[in-house]
Amino acid sequence: MAAEHDIIKRLLFATDFSSCARHAEEYAAQVSSTYGAPVDVIHVSELYSGIYAGIQDHRETDGMLADTVRRLQRSTVPVTGHQSNGIASVQICAAAVEWRADVIVMGTHGRTGLEHILLGSTAERVLTMAPCPVLTVREADGSEGKPVHIPIRFKHITIPIDFSECSVGALEYGVQMAKDFDASLTLLHVLEPVFYSDDFTLSQATEQGRLDERLDTQLRTYVSTIESAGVLARRVIRGGVPAGSILEFVRASGCDLIVMGTHGRRGISRMLQGSVAETVLRLAPCPVLAGKTFPRSFARPAG
């Protein structure tokens, strides 16, 4: 059973029975096993085309749901299957509230371009509404576009940090996960390009330099505090557009997991500004654990 201090005491796994969801299921099993967390499995039948649209024969989905529960079952960890009808993202988030899930695990097909615009992403919609962090797993493609199997492990965790409240919350959560999975951490900060007007002064440039130094000092403090807790950590500072720089670093470093905060923008703000977390979620080569808020039951990094 989950210990009192565990960050994950109950897990919600959302599945559409696709190969992508089957891959995410392996991560759900790994997380459940690590924390001794009971699992609720939910399948949502939608009545229109979309990521969770599929077979409407409940007898068939009942059988597939039972198979999923059986695979996830552990002798000491109860697993319960649930069927639901409606809008997948709404039903998943409602279930997370009702069953007090500490994390939602689900696959994402990583649609891009016109397909993404037309169909959207259930995973991205869940991320904007979920009451808890969401672990999304994208099915990796081989050289011929066929799914490939990737070993289930969390040994190198990258945490993008912009020093906002939600990113510091993600850092705290990521530190605890690193302890639980015996993983190393990379704290990644992206310095966005600074555009000066024609009348910028030397004092403005000097002030920007001082700000960069303060950020680096803060990162050093975080790394020192984390390492004093027994977790191997390092800081990396990159320049560029946040989502692109994060993805470039993750691909080059062989990262196993990204833990990051999202500002949870919705409506017109989301349309105009987008979300770094959603872009990373859609394109990352490794699982992404993101959330608007994270539990605060363990030590906050100093600073």
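The values are calculated or read from the model by the stated rules, or taken from the named source; none is laboratory data. Every value quoted in this text rests on a predicted model; they were computed, and no experiment measured them. Methodologically, a virtual Cβ is constructed for each residue, glycine included, from the backbone with ideal geometry; neighbour enumeration extends over all protein chains shown. Areas reflect the complete protein model, heavy atoms only, side chains present, ligands, DNA and RNA absent. Shrake-Rupley method; radii C 1.70, N 1.55, O 1.52, S 1.80 Å.
Would region 239-251 turn up any residue that is outside any helix (DSSP H, G or I), touching a strand residue (DSSP E or B) at 6+ places or on another chain (Cβ under 7 Å) and closer than 14 Å to Asp162 by Cα?
Looking only at region 239-251, we keep the residues that are outside any helix (DSSP H, G or I), and these are 239-241.
From what is left, the residues that are touching a strand residue (DSSP E or B) at 6+ places or on another chain (Cβ under 7 Å) are 239-240.
Subsequent filtering for residues that are closer than 14 Å to Asp162 by Cα retains 239-240.
Checked against the condition, which is being outside any helix (DSSP H, G or I), touching a strand residue (DSSP E or B) at 6+ places or on another chain (Cβ under 7 Å) and closer than 14 Å to Asp162 by Cα, region 239-251 yields at least one hit.
Between a residue in region 162-191 that is farther than 14 Å from Ala229 by Cα and without any contact (Cβ under 8 Å) to a residue 60 or more places away in the chain and any residue that is open to solvent by 10 Å² or more (accessible area, probe 1.4 Å) and basic (Lys, Arg), which pairs come within a Cβ distance under 6 Å, given they are 6 or more apart or on different chains?
Leu187/Arg235; Val190/Arg238
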